[in-house]
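Here the structure is laid out as structure tokens; the discussion comes afterwards.
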Amino acid sequence: MSAKERVRIVTGDITRVDVDAIVNAANTSLLGGGGVDGAIHRAAGPELVAECRMLHGCRTGQAKITRGYRLPARWVIHTVGPVWQDGSHGEDDLLASAWRNSLALAAERGVRTIAFPSISTGAFGFPVARAARIAIATTLAFLRENALPGDVTVVCFGEEAYGHYLTALASAD
């Protein structure tokens, strides 16, 4: 199966996806916030924030893993994407790093199925079309070199992001 065939794009609620791991678009504290981050923390329950306190935060572009608690997913991989400034402050590289480090952590844990949100495109303001191209290119490059994760799902919250991710996947090499 090609790398492209291992990726799918859907719309929905990432907290309800039945996969081994979901990725949380977290802030550097890892203690919850708005958007996807807040939804994941609410759905997982208070045990998640208690475990996150033990991780002492996470730097932009890096990733850390916790249990999923009350989520269908066994694991939550927390990654911090960049806050968009103007595109000249390393935002593209930091976003690619967030995706790559999340995938690498998943592979280390033997994760077969993983779901990502559109990292950094909500409150962090990263342009969605640009983020989608970076995310898909990074994911495909990783999958070409690694057997795990076997399946990657991007769960878009809304039709705009869905369209951009579909376009990015269709036009990727």
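The values are calculated or read from the model by the stated rules, or taken from the named source; none is laboratory data. This is a predicted model, so every value here is computed, not measured. Every residue, glycine as well, gets a Cβ built from its backbone with ideal geometry; the counts of neighbours run over all protein chains shown. These area figures cover heavy atoms from the full protein model, side chains too; ligands, DNA and RNA do not enter into them. Shrake-Rupley method; radii C 1.70, N 1.55, O 1.52, S 1.80 Å.
In table form, for the structure just shown:
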| quantity | calculated |
| --- | --- |
| Local electrostatic count at Ile65 - Lys and Arg +1, Asp and Glu -1, tallied over other residues with Cβ under 14 Å | +1 |
| Accessible area (Å², per residue) of region 27-173, counting only protein heavy atoms and a probe of 1.4 Å | 46 |
| Fraction in percent of alpha-carbon pairs per bin - 10 Å, region 76-126 | 26, 49, 22, 4 |
| Listed peptides 159-168, 53-62 by packing density, highest first (mean Cβ within 10 Å) | 159-168, 53-62 |
| Average Cα contact separation per residue, region 32-136, under 8 Å, 6 or more apart, as relative contact order % | 24 |
| Helix-derived mean residue ellipticity, 222 nm - over the chain, DSSP H n ≥ 4, -39500 (n - 2.57), to 500 | -12500 deg cm²/dmol |
| Residue-count net charge about Glu91 - beta-carbon cut-off 14 Å; Lys, Arg +1, Asp, Glu -1 | -1 |
| Reciprocal mean inverse distance between Cα atoms of the chain - Kirkwood radius, Å | 15.6 |
| Semi-axis lengths, Å, region 1-87, gyration tensor of Cα atoms, sqrt of 5 times eigenvalues | 21, 18, 12 |
| Table column - 3J(HN,Hα) (Hz), region 105-120, Karplus curve with 6.51, -1.76, 1.60, x for Gly and Pro | 5, 4, 4, 4, 8, x, 5, 8, 10, 9, 10, 10, x, 7, 5, 6 |
| Where Asp18, Asp173, Asp86 fall by accessible area, highest first, once all protein chains stay in place (1.4 Å) | Asp173, Asp18, Asp86 |
| For peptides 23-36, 71-84, sequence by mean Cβ density within 10 Å, most packed first | 71-84, 23-36 |
